[in-house]
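Note sheet for the following structure.
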Amino acid sequence: MAIQRGGFSTRLGFILAAAGSAVGLGNIWKFPFEVGEGGGAAFVVMYLVFCFVLCFPVMVAEIAIGRKTQRNAVGAFTALGHKKWSIIGYLGLTSGVLILSFYNVVAAWAFGYFIDIVMGNFSVGAEAFGGFVSDWVKVGSYTIIFMVATAYVVSHGIAGGIERAAKILMPTLFVMIIALIFYSLTLPNAMEGLKFYLVPDFSEITGTVVYAALGQAFFSLSLGMGALITYGSYVNRKENIVSSAAQITLMDVGVAVLAGFMIFPFVFSQGIETDGGAGLIFMTLPGVFQSLGPILGVVVGAFFFLLLSFAAFTSTISLLEVPTAYMVDEHEVPRSKATWIVAAIIFLVGIPSLLSAGAVDALTGFIQLPGKESAISFMDFAGLIASDTFLPLGGFMIAVFTAYVWRKENFNAEIAHGDESIKGSWLQTYVDFAISYICPVLLGAIFIVTVLDNFLGIKIINILLG
Ligand code: PHE
């Protein structure tokens with residue numbers, strides 16, 4: 001290999017970077033509003049089952065493929081001798097570009113709310129949120145700042161700086177969410193919020209909801225697009241992949257679940273509708289911060305949105321790293337040049353999303369799908385295609401590839417490499433079984449059923465559930 005690829009220096013560095021990729025807007029912004037739109041606790045139950053049963057084995061497979069080949073999401077399949085299967089990598093690149101194109105815009109909202117609150121300006125409620133996001137010049141400027149910062153870090157390789165920052169910032173975010181949970185529980189109607197969040201009403205489950213829960217599980221864990229193949233390619237062959245994957249999954253799911261405990265008491269105490277969609281946390285939290293008083297409110301509010309921006313930042317880095325690593329490995333483009341070219345393209349791809357939050361009507365009410373009640377925005381549509389459709393599809397193909405093309409013996413040998421103690425453990429036994437049977441069958445079946453539901457309005461699940 002002509003180019004020096006670099007890598008993580010320690011196991012902790014890898015786990016933090018991977019957890020930094022996983023923990024992001026998906027947990028704190030997307031999870032609560034998906035729960036709100038998906039009818040509450042029933043969605044939570046499905047999401048948890050999907051994360052542990054279906055996604056965790058796929059995570060192990062991604063890391064194993066990356067570590068074995070020391071290649072990017074496309075090159076890894078070729079390096080294993082299955083060039084045709086690099087289609088999975090190309091699908092992943094497409095998903096990554098699309099996801100980052102709108103993710104960056106939402107990160108810009110978080111960063112913009114931080115700046116506003118520092119200025120003593122609380123955008124409370126739905127109207128203020130609508131006004132904020134439709135101001136495309138302002139949001140666009142923050143989007144550029146965010147993309148430039150991301151590209152700057154990625155162009156410098158897997159920098160020790162980001163690992164060190166993640167080590168301080170992630171625990172801080174955690175503590176902050178817990179403190180906000182305690183506060184939220186003291187508010188009127190908090191129990192109503194908890195009930196919505198924790199007591200499942202399974203009649204809420206429809207094909208659309210299952211589809212969203214599966215997509216959310218993949219999105220939140222950064223799976224199905226080769227982000228973890230790429231990060232796995234920088235991992236030392238002495239590490240225990242299975243326990244690393246378990247830790248990453250637990251951290252990610254933990255933050256999402258806590259975010260729900262934080263947000264729903266707030267939503268109910270302020271009498272806001274749970275199906276507020278992409279604006280849910282932006283519409284509720286500023287009001288909460290404002291109620292803390294002028295000084296404390298600014299301090300806590302600004303700090304919260306700053307940390308949210310940092311959580312998003314460690315994810316945008318991993319999203320940009322996927323196409324960058326591809327350019328570096330496969331086309332021998334110098335890292336810095338590759339990074340800036342890819343970042344510029346992704347910014348351009350994101351412009352319709354930027355304009356679809358109220359600035360341009362045709363993009364705001366972009367498309368009416370048979371499975372949805374009303375027209376959705378371009379940004380929501382991009383999310384539907386890239387994260388809810390392509391990621392589970394990518395996950396399905398990775399499972400099939402691992403079990404039947406690369407083959408289980410090789411997969412298990414890679415898992416055991418460096419740490420023989422994993423052999424025969426219950427986790428390894430489960431991963432082995434799941435990747436061969438549970439993941440291909442269930443992921444394939446759920447995928448087909450929910451795609452029919454969403455895009456063609458064919459309601460198989462509703463028919464089955466009566
Ligand atoms: N997991 C990230 C989040 O929850 C988003 C992401 C998806 C990052 C896919 C990388 C790859 O915010």
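The values are calculated or read from the model by the stated rules, or taken from the named source; none is laboratory data. The model shown is predicted, which means the values in this text are computed figures rather than measured ones. Please note: Cβ atoms are built from the backbone with ideal geometry, for glycine as well, and neighbour counts cover all protein chains shown. When the accessible area is computed, the model is the full protein with side chains, heavy atoms only, and any ligands, DNA or RNA have been set aside. Shrake-Rupley method; radii C 1.70, N 1.55, O 1.52, S 1.80 Å.
Things worth noting here:
- Scanning the stretch 115-136 for residues that are open to solvent by 40 Å² or more (accessible area, probe 1.4 Å) and among the aromatic types (Phe, Trp, Tyr) turns up just one, 136.
- The stretch 208-221, residues that are more than 8 Å from the ligand (Cβ to nearest atom) and open to solvent by 10 Å² or more (accessible area, probe 1.4 Å): 208, 209, 210, 212
- Yes/no for residue 7 being in a loop (DSSP other than H, G, I, E, B) and either more than 11 Å from the ligand (Cβ to nearest atom) or within 29 Å of residue 138 (Cα to Cα) (or both): yes
- Residue in the stretch 81-90 that is crowded, with 24+ Cβ neighbours inside 10 Å and either within 16 Å of the ligand (Cβ to nearest atom) or over 20 Å from residue 396 (Cβ atoms) (or both) present: yes
- Tabulated pairs, the stretch 386-406, first within 9 Å of residue 443 (Cβ to Cβ), second within 12 Å of the ligand (Cβ to nearest atom) and open to solvent by less than 20 Å² (accessible area, probe 1.4 Å), C-beta under 6 angstrom, 6+ apart or interchain: 392/218; 395/218; 395/223; 395/224
- Within the stretch 347-360, tally of residues that are open to solvent by 50 Å² or more (accessible area, probe 1.4 Å) and modelled with pLDDT under 95: 0
- Among residues of the stretch 237-278 being away from the ligand (no atom under 16 Å from the Cβ) and of a type in the set (Val, Ile, Thr), the one that is farthest from residue 9 (Cα to Cα) is 272.
- Being surrounded by fewer than 24 Cβ atoms within 10 Å (Cβ to Cβ) and either closer than 21 Å to residue 170 by Cβ or touching a helix residue (DSSP H, G or I) at 6+ places or on another chain (Cβ under 9 Å) (or both) holds for only one residue in 267, 288, 253, and it is 253.
- In the stretch 222-236, the qualifying residues are those that are away from the ligand (no atom under 11 Å from the Cβ) and either open to solvent by 10 Å² or more (accessible area, probe 1.4 Å) or outside any helix (DSSP H, G or I) (or both), and the one that is farthest from residue 10 (Cα to Cα) is 233.
- Positions within the stretch 91-106 being more than 12 Å from the ligand (Cβ to nearest atom) and either among the aliphatic types (A, V, I, L, M) or more than 16 Å from residue 325 (Cβ to Cβ) (or both), in sequence order: 91, 101, 105
- Matching residues, the stretch 78-95, being polar (S, T, N, Q) and over 18 Å from the mean Cα position of the chain (by Cα): 78, 86
- Residue, nearest to residue 54 (Cα to Cα), within the stretch 427-441, restricted to residues that are surrounded by 18 or more Cβ atoms within 10 Å (Cβ to Cβ) and out of contact with any Lys or Arg (no Cβ under 8 Å at 6 or more places or on another chain): 439
- Failed item, numbered, when residue 318 is tested on (1) open to solvent by less than 40 Å² (accessible area, probe 1.4 Å); (2) away from the ligand (no atom under 16 Å from the Cβ): (2)
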